[in-house]
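Engineer: Mind having a look at this structure? Questions to follow.
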Amino acid sequence: MSYFGGGNQQAQTINPQNIAMAEQELEMVTDLFNRIVDSCQEKCIKLGEGQGDLNQQDSLCIDNCVAKFFETNSKVGEKMQNMSQQQ
Amino acid sequence: MDPSKYNQAEQEQIRALIEQKQVSDFMNLFTGLTDRCFKECAYDFRTKAVTGREAACVQKCADRFLKHSERVSTRFAELSEAVSRTIFYVVRKIEFIY
């Protein structure tokens, strides 16, 4: 008698829809992250100036920028939600 | 991305997917950074050689950008839980309406 019984075999079926969903979520999150890095670098960091390190002002700007971006994201999400409700 | 939603085999496949993505993300980071720092630093085209000043600029540029990216990554992790809640909510609403 195998220790890997029949029940275990069934649990190993891969639902392609789940994979597709996870892949989509992964894409979304990566895309969001990259956009934040780009936008906040434009807003906050002069690449050619300063030292090799980030100073306090740079760091603070980054923290605030990321927070603002998320909030903007939320507001846009709310807006779209309201629009779809009105239809 | 909640691991408990997926069974073992699915989790394995998703893990492989994530690894694959990390490789391509790293490549994009590398090419993007080269591009950025070239735009920022290269200016003397009377010569093929990278001048001392340009080289120092590139070092600084790459340093700053990578530190910036690291910091964004930390803050992102802290805040992204709130985002996935919003996105999930909006998507559900849209699904319901249509």
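Read-outs: derived from the displayed coordinates by stated rules, not from any lab. In this text, all values refer to a predicted model and were calculated from it rather than measured experimentally. Here the Cβ positions follow ideal geometry from the backbone for every residue, glycine too, while neighbour counts run over all protein chains shown.
Engineer: Step through the residues of the range B:6-22 one at a time and calculate ³J(HN,Hα) from phi using the Karplus curve (6.51 cos²θ - 1.76 cosθ + 1.60, θ = phi - 60°), rounding each to whole Hz and writing x for Gly and Pro.
Structural biologist: Once θ is set to phi - 60°, the couplings for the range B:6-22 become 10, 7, 4, 4, 5, 4, 4, 5, 5, 4, 5, 4, 4, 4, 4, 4, 4 Hz.
Engineer: How much FRET efficiency would the formula 1/(1 + (r/R0)^6) give for residue A:39 and residue A:12, where r is the Cβ-Cβ distance and R0 is 41 Å, rounded to 0.05?
Structural biologist: Result of the calculation: an efficiency of 0.45.
Engineer: Give me the distance in nm between label points sitting 7 Å out from Cα along the Cα-to-Cβ direction at residue A:26 and residue A:49, one decimal.
Structural biologist: Those two pseudo-labels are separated by 4.0 nm.
Engineer: Full extension from residue B:70 to residue B:31: what is 0.36 nm times the residue separation minus their Cα-Cα distance, to one decimal in nm?
Structural biologist: Once the chain is fully extended between residue B:70 and residue B:31, it gains 12.3 nm.
Engineer: Right, something else. Looking at this model, which pairs from B:39/B:67; A:68/B:21; A:43/B:48; A:68/B:39 are more than 29 angstrom apart at the alpha-carbon?
Structural biologist: Cα-Cα > 29 Å for A:43/B:48; rest within.
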